[in-house]
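These notes concern the structure reproduced below.
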Amino acid sequence: MLTYIALLRGINVSGHHKIKMTDLKQLFLDLGYHDVTTYIQSGNVIFKSNIKEPILIENTIISAISKHFGHTIEVLILTKNDLITIFNANPFLAKDPTTDISKLHVTILNKMPDLDGIPTIEILVANSDDEFQLIENAIYLYCPNGYGNTKLNNNLFEKKLKIATTTRNWNTISKLVELSNL
């Protein structure tokens, strides 16, 4: 069996798209997935499956959430190896291992982006302390004034890069790596 991580975008945020984690876990079990673990209320699910095509899993989960909970949301599926690759590739920690991880985030992309939007994003943050680096299907963020105060958010990336995204803080990424290794 393969270990997967489902990242749900926009659930349980400001009272929108409410889904209890116990109900979400049960949905995954009902779909036939194994060893299902949820982590915090923002929609992180670690599970195992014999299915080898992440897109099939993604579509199944999106459809089941819509049918069961009435929410149409983005779901991004990572393999355990994808997650570990993202974890190990953080350019800010590679440059300075003492970087304050509370200022680090990762925006996961559902596919390779339209790179034509990158210069516009660079212009938007040129006069700020925020930094970003695109590596493969992840945008690494360093937001010294906090993620809540940056222009580098999901909506910006989705609009400018024409893709679906979801962002997690570095503590969440670290915990998902830990949980996926259990």
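By the rule of a C-alpha distance below 21 Å, with chain neighbours fewer than 8 residues away ignored, the lysines paired with LYS151 are LYS103, LYS159, LYS160, LYS162.
Counting only the Cα atoms, the range 84-180 fills a convex hull of 96 Å³ per residue. Orientation-averaged projection of the chain equals 10.2 nm² [convex hull of Cα atoms, one quarter of hull surface area]. Under a 5 Å amide H cut-off, with hydrogens placed 1.01 Å from N, ILE135 pairs with TYR140 among residues at least 5 apart or on other chains. Our note on the geometry: Cα centres of the range 122-178 and the range 1-69, 23 Å apart.
Based on DSSP H segments of at least four residues, each scored -39500 (n - 2.57), the chain has a per-residue ellipticity at 222 nm of -10500 deg cm²/dmol. Counting only trypsin sites (Lys or Arg not before Pro) that DSSP places in a loop and that have at most 14 other Cβ atoms within 10 Å, the longest clean stretch of the chain runs over 53-110. Extent of the range 62-114 along its three principal axes (Cα atoms, max minus min coordinate, largest first): 45, 25, 22 Å. The 3J(HN,Hα) values that the Karplus relation (6.51, -1.76, 1.60; θ = phi - 60°) gives for the range 25-37 are, in residue order, 4, 5, 4, 4, 5, 4, 7, x, 7, 10, 6, 7, 10 Hz. Gly and Pro appear as x. Relative contact order of the chain: 24 percent, from C-alpha pairs under 8 Å at least 6 residues apart in sequence. Decide, for the range 1-67, between rounded, prolate and oblate: order the square roots of the alpha carbon gyration tensor eigenvalues as a ≥ b ≥ c, take rounded if a/c falls under 1.5, and otherwise choose prolate if a/b is larger than b/c, else oblate. Prolate, because a/c is 1.5 or more and a/b exceeds b/c.
Each residue of the range 122-134 is assigned a 3J(HN,Hα), and the resulting list reads 4, 5, 4, 10, 4, 9, 10, 7, 6, 10, 9, 9, 8 Hz, derived from the Karplus form 6.51 cos²θ - 1.76 cosθ + 1.60 (θ = phi - 60°), x at Gly and Pro.
Rule-based calculations on the coordinates, nothing more; no lab input. Remember, it's a predicted structure, so these values are computed and weren't measured experimentally. We place every Cβ from the backbone using ideal geometry, glycine too, and count neighbours over all the protein chains shown.
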